[in-house]
1. Somewhere in the stretch 167-174, is a residue touching a residue at least 40 places away in the same chain (Cβ under 8 Å) and in the same structural domain as residue 6 (by TED's automatic domain parsing)?
2. Being in contact with a strand residue (DSSP E or B) (Cβ under 9 Å, 6 or more places away or on another chain) and either closer than 24 Å to residue 22 by Cβ or in the same structural domain as residue 159 (by TED's automatic domain parsing) (or both) is the filter here; which residues of the stretch 74-107 pass it?
3. Which one of the conditions (1) in contact with a strand residue (DSSP E or B) (Cβ under 7 Å, 6 or more places away or on another chain); (2) at pLDDT 85 or above; (3) closer than 25 Å to residue 23 by Cβ does residue 138 fail to meet, given that it meets all the rest?
4. Among the residues of the stretch 108-143, write down those that are assigned to a loop (DSSP other than H, G, I, E, B), surrounded by fewer than 13 Cβ atoms within 10 Å (Cβ to Cβ) and in contact with a helix residue (DSSP H, G or I) (Cβ under 9 Å, 6 or more places away or on another chain).
5. If we only count helices (runs of 4 or more DSSP H) wholly inside the stretch 5-78, which ones have 3 or more residues that are exposed (fewer than 12 other Cβ atoms within 10 Å of the Cβ)?
6. Consider residue 132 against the criteria (1) farther than 16 Å from residue 12 by Cα; (2) modelled with pLDDT under 90; (3) in contact with a strand residue (DSSP E or B) (Cβ under 7 Å, 6 or more places away or on another chain): it satisfies all of them except one. Which criterion is unmet?
7. Out of curiosity, is residue 1 part of a helix (DSSP H, G or I), over 13 Å from residue 55 (Cα atoms) and touching a residue at least 12 places away in the same chain (Cβ under 8 Å)?
């Protein structure tokens with residue numbers, strides 16, 4: 001899932017979500033029923049026949065996320081999926097994703113520059129050195145799941161953020 005939602009403007013939300021199955025030649029009535037059920041769980045019930053320009057930014061990202069989920073892959077690569085959203089919508093997307101997390105049953109590689117987002121959503125964080133040369137640094141998050149937004153203010157979270165900032169600073173000054 002890239003940073004921009006890349007929903008096809010001439011397709012409805014439902015049709016955009018079914019696109020991966022169409023490409024695989026597996027888009028039938030059963031898959032459409034599954035997609036409709038997922039649209040409800042993604043907070044998009046009633047918008048299945050809307051077009052992307054009729055949706056808010058957060059709704060577009062949820063539709064794009066569902067389209068990614070519909071590929072059926074066990075590994076999902078999310079490249080700064082919330083980067084283009086305003087701060088409040090981004091927090092709401094975090095809340096939504098945390099609620100959905102347990103149901104996914106997928107491995108997610110989440111690329112972000114947002115330290116709080118990395119800590120809140122990840123079990124392991126890998127830091128890329130400047131210029132993408134040199135070894136990756138790993139930080140195990142170790143916060144219990146299920147996670148919730150309020151954890152941002154807890155001492156363990158704040159300590160992890162400080163450690164992450166320290167490591168980032170060290171990689172930039174070497």
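1. no
2. 74, 75, 76, 77, 78, 79, 81, 104, 106, listed by residue number.
3. Evaluating residue 138 over (1) in contact with a strand residue (DSSP E or B) (Cβ under 7 Å, 6 or more places away or on another chain); (2) at pLDDT 85 or above; (3) closer than 25 Å to residue 23 by Cβ leaves (3) as the failure.
4. Here is the first cut: in the stretch 108-143, the residues assigned to a loop (DSSP other than H, G, I, E, B) are 112-114, 122-123, 128-129, 133-136, 141-143.
Retained after the next criterion (residues that are surrounded by fewer than 13 Cβ atoms within 10 Å (Cβ to Cβ)): 113, 123, 133-136, 142.
Selection gives 134, 142.
5. Values: elements: 13-23, 29-41, 57-69.
Qualifying helices (runs of 4 or more DSSP H): 29-41.
6. Exception for residue 132: condition (3).
7. Values: part of a helix (DSSP H, G or I): no; over 13 Å from residue 55 (Cα atoms): yes; touching a residue at least 12 places away in the same chain (Cβ under 8 Å): yes.
In short, no.
The values are calculated or read from the model by the stated rules, or taken from the named source; none is laboratory data. Because the structure is predicted, anything quoted here is derived from the model rather than measured. So basically every Cβ, Gly included, is an ideal-geometry build from the backbone, and we count neighbours across all protein chains shown.
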